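Visitor: Below you'll find the structure I mean.
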């Protein structure tokens, strides 16, 4: 059994750790609200962009459609854009995204496809490096950026577009975590190229009107499709940010509770050891007095 001094040191150490986890929980809770508002504000714009692209795509033939809309016509080389966090201590947030991307990559490799990976966030690169180090073609990290903005998303989108124009891949898929609540973050895979056009709902299909575009649909799509890639990546980064703070808040709350339980157990063990030591000393004193 540990000595009284060792138990006191352990209790003091756990109390110090508990203060840190509690502080991190409060910081994550404070940042979560702003991140959640930003993620929720980006959703309608990204969804309406998809609806506009769907409307435009319905008015042109596949032969005259831009390559970003229909792809190369092949399915040989896949680019995976894996967006995760810059830091850890957020429960299963990073590992859930990377697990989904890893399973997708292994399935493609088993089918004989070529896989290339772009990681966004330091943790994505660290976790994929063990299995797919040779497949990672670029690592994007924004650890020093105070607030993630559209400029960072556009930087990644420009890299993806340039690679596509050079013919380096056929299909691009984005992996991120969709924020649902503090205790629910859903790993998500979204195809970027060819553009993933959402299907119209029954209400929209019944009330949709015919539009005449000036200039033509092909010219508008040529302008919108590159911008749509940046918008979808930006939305994914905002969703990731909200998911990270939500997961970190929950993880630090659990860590604080676990630290409290450990303090109780060690305090009980300390009190029992101290009581046993006092009882032993009393017995020795009484035995010595009786011997006299």
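Visitor: Tell me, yes or no, whether the range 92-107 has at least one residue that is on the phi < 0 side of the Ramachandran plot and modelled with pLDDT under 90.
Guide: yes
Visitor: So how many residues does the range 139-155 have that are under 26 Å from residue 66 (Cα atoms) and part of a strand (DSSP E or B)?
Guide: Total meeting the criteria: 0.
This table checks each residue for (1) in a helix (DSSP H, G or I); (2) modelled with pLDDT under 80; (3) within 19 Å of residue 105 (Cβ to Cβ).
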residue	(1), (2), (3)
157	yes, no, no
162	yes, no, no
173	no, no, yes
185	no, no, no
188	no, no, yes
199	no, yes, no
211	no, yes, no
227	yes, no, no
235	yes, no, no
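Visitor: Has the range 280-292 got at least one residue that is over 26 Å from the mean Cα position of the chain (by Cα), under 30 Å from residue 36 (Cα atoms) and part of a helix (DSSP H, G or I)?
Guide: no
Visitor: Which numbered condition trips up residue 86, out of (1) in contact (Cβ under 8 Å) with a residue 24 or more places away in the chain; (2) under 30 Å from residue 130 (Cα atoms); (3) assigned to a helix (DSSP H, G or I)?
Guide: Among (1) in contact (Cβ under 8 Å) with a residue 24 or more places away in the chain; (2) under 30 Å from residue 130 (Cα atoms); (3) assigned to a helix (DSSP H, G or I), residue 86 violates only (3).
Visitor: So residue 50 clears everything in (1) surrounded by 13 or more Cβ atoms within 10 Å (Cβ to Cβ); (2) under 30 Å from residue 110 (Cβ atoms) except one condition, right? Which one?
Guide: Every listed condition holds for residue 50 apart from (2).
Visitor: Let me ask something else about it. Taking the range 130-152, which residues are surrounded by fewer than 14 Cβ atoms within 10 Å (Cβ to Cβ) and modelled with pLDDT of 90 or more?
Guide: 133, 134
Visitor: A follow-up question, please. Quick check on my filter: what residues within the range 110-125 are surrounded by 15 or more Cβ atoms within 10 Å (Cβ to Cβ), touching a strand residue (DSSP E or B) at 6+ places or on another chain (Cβ under 9 Å) and not in a loop (DSSP other than H, G, I, E, B)?
Guide: 115, 116, 117, 118, 119, 120, 122, 124, 125 - these are the residues of the range 110-125 that are surrounded by 15 or more Cβ atoms within 10 Å (Cβ to Cβ), touching a strand residue (DSSP E or B) at 6+ places or on another chain (Cβ under 9 Å) and not in a loop (DSSP other than H, G, I, E, B).
Visitor: Which condition breaks for residue 186 when tested against (1) under 18 Å from residue 82 (Cβ atoms); (2) touching a helix residue (DSSP H, G or I) at 6+ places or on another chain (Cβ under 9 Å); (3) in contact (Cβ under 8 Å) with a residue 24 or more places away in the chain?
Guide: So the condition that residue 186 fails would be (3).
Visitor: Of the conditions (1) modelled with pLDDT under 85; (2) in contact with a helix residue (DSSP H, G or I) (Cβ under 9 Å, 6 or more places away or on another chain), residue 86 satisfies every one except a single condition; which number is it?
Guide: (1)
The values are calculated or read from the model by the stated rules, or taken from the named source; none is laboratory data. Since we're looking at a predicted model, the values are computed, not measured. Glycine gets a Cβ as well: all are built from the backbone with ideal geometry, and neighbour counts include every protein chain shown.
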